[in-house]
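Pasting a structure below so you can have a look.
The values are calculated or read from the model by the stated rules, or taken from the named source; none is laboratory data. No experiment lies behind these values; they were computed from the predicted model shown. Because the Cβ atoms are built from the backbone with ideal geometry, glycine has one as well, and the counts that use them run over all protein chains shown. We work out accessible area using only protein heavy atoms, side chains counted, and drop any ligands, DNA or RNA first. Shrake-Rupley method; radii C 1.70, N 1.55, O 1.52, S 1.80 Å.
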Amino acid sequence: MQKILFVGAGSMAEALIHGWVEQKVIPSQNIYITNRSNHERLVKLNESYSVNILEDNAFISEMDLIILATKPKDIFHAMERIQPFISPNTAVLSVLAGIPINTIEEGIGKRPIARVMPNTSATIGMSASGIAFNAQVDDYQKVLYLQLLKAIGIVIEVEEDKLHAVTALSGSGPAYLYYLMEAWEAVGAEFGLTKEIVRELMVQTIAGSAAMLQSGNEEPNVLRRKVTSPGGTTEAGIHALESNRFNEAIYACVKSAEARSRELANGQ
Ligand SMILES: NC(=O)C1=CN([C@@H]2O[C@H](COP(=O)(O)OP(=O)(O)OC[C@H]3O[C@@H](n4cnc5c(N)ncnc54)[C@H](OP(=O)(O)O)[C@@H]3O)[C@@H](O)[C@H]2O)C=CC1
Ligand SMILES: O=C(O)[C@@H]1CCC=N1
């Protein structure tokens with residue numbers, strides 16, 4: 001990829017830029033960024049990553065790849081802006097939650113489009129991304145898209161409709177875990193442990209549990225049982241989770257996120 005333009009330079013754009021620049025996948029001088037109005041943000045990203053600020057819409061025609069990274073509600077305005085300038089050869093990668101590929105085709109024409117759902121761990125090369133392609137993406141382009149995503153973590157191709165579920169699980173997933181960590185830190189503080197100690201224990205516990213699952217072939221319920229001594233502390237903790245409807249809360253969480261993604265697809 002020679003020139004890449006981010007249309008929308010917010011949190012997700014920064015995570016991708018950070019990951020790609022750090023992993024040396026795309027030189028920062030090949031990356032361009034634009035926003036609707038927040039120029040200060042563009043200057044900050046320029047200072048942090050030496051990426052270019054798009055100064056003139058006419059330059060859009062020179063882009064090899066455009067990454068759509070506005071909020072879903074802002075995409076229609078963004079597409080109106082780029083449509084007059086975008087070249088027929090320019091490929092597109094969208095990270096927008098919910099927005100279907102055919103909405104993008106309607107806005108900026110049929111061209112190779114990948115719809116991707118990454119997460120913010122792209123910043124450190126640890127994203128878990130889902131991807132779907134339109135029919136215009138040939139095998140060679142598929143490899144290029146996948147290479148880009150693999151550079152910032154793992155990527156799994158799914159049917160486009162399944163991206164709603166991917167969004168609810170791994171796109172939003174980091175926030176659920178950070179929420180859990182916030183609660184963990186708060187309760188740790190009640191026991192008089194310093195924030196630093198709780199943080200260190202918690203991060204290693206989560207990383208260790210994920211690594212156990214990744215490296216072995218045991219199911220989560222088997223690993224859980226190995227921790228849970230009859231009549232012991234874990235059992236007491238799990239009972240409390242059950243009586244506070246932990247499973248129901250998780251189901252409701254993921255189902256609400258999936259449903260919201262489908263609403264976004266319908267412009268709601
Ligand atoms: N954050 C996350 O964890 C993830 C986000 N996503 C998806 O990524 C997308 C961006 O999310 P996020 O980065 O969090 O959002 P942010 O609000 O942080 O960033 C959105 C950016 O889009 C810009 N923008 C708005 N309208 C236009 C326009 N017409 N033309 C150009 N730029 C415009 C905004 O600039 P200005 O301030 O000037 O309006 C802003 O910088 C969303 O669609 C989201 O669904 C996907 C996976 C994970
Ligand atoms: O909250 C959102 O809508 C976006 C999509 C996935 C993560 N953040």
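Nearest-5 percent of antiparallel DSSP beta bridges in the chain?
Counting only bridges with both partners in the chain, antiparallel ones make up about 15 percent.
Here's a follow-up. Rounded to the nearest 5, what % of DSSP beta bridges with both residues in region 4-163 are antiparallel?
Bridges in region 4-163 that DSSP calls antiparallel: roughly 15 percent.
Show me, bin by bin at 10 Å from 0, the whole-percent P(r) of region 4-163 based on Cα pairs.
Computed distribution, short to long bins: 11, 44, 39, 6.
Here is a further query. Please give the FRET efficiency for ASN38 paired with GLN83, using the beta carbon to beta carbon distance and R0 = 25 Å, rounded to the nearest 0.05.
Using R0 = 25 Å, I get an efficiency of 0.70.
Give me the number: length gained by fully extending GLU235 to ALA189, i.e. 0.36 nm times residue separation minus the C-alpha to C-alpha distance, one decimal in nm.
Using 0.36 nm per residue and subtracting the Cα-Cα distance, I get 14.3 nm.
I'd like the FRET efficiency for LEU201 and ASP138, computed as 1/(1 + (r/R0)^6) with the beta carbon distance as r and R0 of 51 Å, rounded to 0.05.
For R0 = 51 Å, the calculated efficiency reads 0.55.
Just the number, please: carbon plus sulfur as a percent of the accessible area of the chain, 1.4 Å probe, no ligands or DNA/RNA counted.
55
Considering only the other residues whose Cβ falls under 13 Å of the Cβ of LYS73, what net charge follows from Lys and Arg at +1 and Asp and Glu at -1?
Counting the neighbours of LYS73, the net charge comes to +1.
Continuing with this model, one more query. Could you please report the charge total around THR34, scoring K, R as +1 and D, E as -1 over all other residues with beta-carbon less than 11 angstrom from its beta-carbon?
That sum, taken over residues with Cβ under 11 Å, equals +1.
Also, quick follow-up: If the cut-off is 28 Å between C-alpha atoms, which lysines fall inside it for LYS110, apart from same-chain ones fewer than 8 positions away?
LYS3, LYS71, LYS73, LYS142, LYS150, LYS162
Between ILE53 and ILE156, what is 0.36 nm times their sequence separation minus the Cα-Cα distance? Round to one decimal in nm.
34.0 nm
Can you pull the three principal axis extents for the Cα set of the chain, in Å, largest first?
Principal extents (Cα only, largest first): 69, 37, 34 Å.
Moving on to the next point. So if each residue of separation counts as 0.36 nm, and I subtract the Cα-Cα distance between GLN2 and LEU213, what length gain in nm does that give?
Between GLN2 and LEU213, full extension yields 72.1 nm more.
I've got another one for you. Can you give me the C-alpha center-to-center distance between region 1-78 and region 98-136, rounded to a whole angstrom?
Rounded to whole Å, the Cα centres lie 15 Å apart.
Semi-axes, largest first, in whole Å: what does sqrt of 5 times each Cα gyration tensor eigenvalue give for region 179-268?
28, 19, 16
Further question: Taking only protein heavy atoms and a 1.4 Å probe, what accessible area per residue, in Å², does the chain have with all protein chains in place?
Value returned for the chain: 57 Å² of accessible area per residue.
For SER243 and MET126, what is the calculated FRET efficiency with R₀ set at 30 Å and r taken between the beta-carbons, to the nearest 0.05?
0.30
Additional query: What are the residues whose amide H is under 5 Å from the amide H of GLY153, where those residues sit 5 or more places off or on another chain and H is modelled from the backbone?
SER127
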